[in-house]
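Here's the structure, in structure tokens; my notes come after.
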Amino acid sequence: PDLAPEEHTRLFEKLKTAGKEIVCYLGGHAPSNALDTLVDAALQINDDRFAFVLVGKGNQKQRLMEKAKEADNIYFLPPVNKKAVPTILEMADYLIDGPYIEDLRDITLEMRGSSNQRIINLREIDKD
């Protein structure tokens, strides 16, 4: 795998040094991915152990960044080459996986918006 860009590595190292558990989203910042739900969840979580890192681009990114600008637990990074994704995943603790499906929306779920989405604990995956 390719190394992650320096900007990404610096942020992940800073968060790890601060003792944060990193919840990562990799992908498009488009309406179909309903990242408002993730940003809303991150804004409501009152646990400073968690940092949310959204990696990608899309026509909703600037609006989402504006929405999250007062938060100290939400970070946005540019997209990475697909070959760098394994390196990003090695630095993260959790991955939000699966498309948001409006019919399965559930606001009671922690860190995700619809019941089909999974939170994968990357620390529990054998990385050898």
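Brief remarks on what is shown
- Of the GluC sites (Glu not before Pro) found in segment 42-105, those that fall in a DSSP loop while having at most 11 other beta-carbon atoms within 10 Å are 70.
- Sparse-neighbourhood loop sites, trypsin sites (Lys or Arg not before Pro) in segment 6-66 - DSSP loop, at most 12 other Cβ within 10 angstrom: 49
- Those trypsin sites (Lys or Arg not before Pro) in segment 68-104 that DSSP places in a loop and that have at most 13 other beta carbons within 10 Å: 69
- With both residues required to sit in segment 13-128, DSSP beta bridges show an antiparallel share near 30%.
- Here Cα extents along the principal axes in Å was computed from the coordinates, and among [x] 44, 27, 25; [y] 46, 37, 17; [z] 37, 31, 29 the match is [z].
- Normalised contact order of segment 1-96, rounded percent, pairs of Cα under 8 Å and 6 or more residues apart: 42
- Around the amide H of residue 50, modelled in the peptide plane, lie the amide H atoms of 21, all under 5 Å away and 5 or more residues distant in sequence or on another chain.
FYI, it's all coordinate maths here, none of it is from the lab. Keep in mind that this is a model prediction, so the values were computed, not measured. Positions of Cβ are generated from backbone atoms using ideal geometry, with glycine treated the same way; all protein chains shown enter the neighbour counts.
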